[in-house]
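Colleague: Take this structure, written in structure tokens, and hold onto it; I'll ask about it next.
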Amino acid sequence: MAAPICVARIGAAHGVRGAVKLWTFTEDPFAVKDYGPLLTKDGARQFEIAQVRAAKDHLVATLKGIATREDAERLNGIELYVAREKLPETDEGEYYHADLIGLAAVNAADEPLGRVLAIHNFGAGDIIEIAPPHGPTLLLPFTNAVVPMVDLAAGRVVIELPQEIQGDQDDEAPTLT
């Protein structure tokens with residue numbers, strides 16, 4: 001069975017009746033209500049969304065069994081997961097972050113570069129983080145130019161390192177003073 005996938009994170013309490021702020025990691029933020037009970041990563045606790053509504057940059061959710069602000073405050077920071085099998089299949093060229101983490105990273109000549117450590121998005125597009133066997137991790141744009149092939153069946157991604165990553169020096173590079 002595949003590892004569970006994080007679909008949301010509970011934030012601070014909202015109001016006095018047990019509602020919480022909820023940040024979702026799904027394409028449709030309201031889809032978290034459709035997956036049934038949401039679990040903590042270790043599966044020890046489960047939460048079911050009773051009601052959900054949109055707020056400025058998050059959702060406001062009422063969870064079954066959470067009726068007071070104090071109960072809601074204790075949930076702040078809990079990540080909520082679903083079984084991978086409950087999520088819809090991806091389209092061609094789309095991947096769940098969890099499916100990429102741990103894949104081998106190789107160059108076009110099939111030489112090992114490391115492993116996919118994480119996928120980040122800081123607002124300007126997805127970034128793939130590669131952990132080489134030695135040295136600092138590489139943060140690269142997750143674009144077709146840099147990652148021309150993802151082969152889930154073979155457990156690898158092909159990376160085309162940009163020139164500046166390969167160590168080429170640009171004679172026109174600015175200098176700091």
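The values are calculated or read from the model by the stated rules, or taken from the named source; none is laboratory data. Small disclaimer: the values here were computed from a predicted structure and weren't measured. Virtual Cβ from ideal backbone geometry, glycine too; neighbours counted across all protein chains shown.
Colleague: One residue is enough: does region 141-164 have a residue meeting the conditions within 24 Å of L59 (Cα to Cα), surrounded by 13 or more Cβ atoms within 10 Å (Cβ to Cβ) and at pLDDT 85 or above?
Modeller: no
Colleague: Moving on to the next point. Which of the residues spanning region 135-146 are under 14 Å from A105 (Cα atoms) and either of a type in the set (S, T, N, Q) or assigned to a loop (DSSP other than H, G, I, E, B) (or both)?
Modeller: T137, F142, V146
Colleague: Please go through region 100-131 and pick out each residue that is farther than 14 Å from F25 by Cβ and of a type in the set (D, E).
Modeller: D110, E111, E129
Colleague: Determine whether K21 is in a loop (DSSP other than H, G, I, E, B) and out of contact with any helix residue (DSSP H, G or I) (no Cβ under 7 Å at 6 or more places or on another chain).
Modeller: no
Colleague: Have a look at L59, L75, L113 and point out the one that is in the same structural domain as A145 (by TED's automatic domain parsing) and touching a strand residue (DSSP E or B) at 6+ places or on another chain (Cβ under 6 Å).
Modeller: L113
Colleague: Follow-up. Note down all Cβ pairs under 8 Å where the first residue falls in region 31-52 and is over 16 Å from I66 (Cα atoms) and at pLDDT 95 or above, the second is exposed (fewer than 13 other Cβ atoms within 10 Å of the Cβ) and not hydrophobic (A, V, I, L, M, F, W, C), and they're at least six residues apart or on different chains.
Modeller: Listed by first residue and then by second, the contacts come to nothing, as the list is empty.
Colleague: Return the residues of region 33-51 that are under 17 Å from the mean Cα position of the chain (by Cα) and of a type in the set (S, T, Y); say none if nothing qualifies.
Modeller: Answer for region 33-51, where residues must be under 17 Å from the mean Cα position of the chain (by Cα) and of a type in the set (S, T, Y): just T40.
Colleague: Right, another one. Does region 103-118 contain any residue that is of a type outside the set (D, E, K, R), modelled with pLDDT under 95 and under 17 Å from A8 (Cβ atoms)?
Modeller: Within region 103-118, not a single residue is of a type outside the set (D, E, K, R), modelled with pLDDT under 95 and under 17 Å from A8 (Cβ atoms).
Colleague: Right, another one. Which of the residues belonging to region 58-70 are in contact (Cβ under 8 Å) with a residue 24 or more places away in the chain, part of a loop (DSSP other than H, G, I, E, B) and either in contact with a helix residue (DSSP H, G or I) (Cβ under 7 Å, 6 or more places away or on another chain) or not polar (S, T, N, Q) (or both)?
Modeller: H58, I66, A67
Colleague: Any chance region 81-95 includes a residue that's over 13 Å from the mean Cα position of the chain (by Cα), hydrophobic (A, V, I, L, M, F, W, C), closer than 22 Å to T40 by Cα and not in a strand (DSSP E or B)?
Modeller: Scanning region 81-95 turns up at least one residue that is over 13 Å from the mean Cα position of the chain (by Cα), hydrophobic (A, V, I, L, M, F, W, C), closer than 22 Å to T40 by Cα and not in a strand (DSSP E or B).
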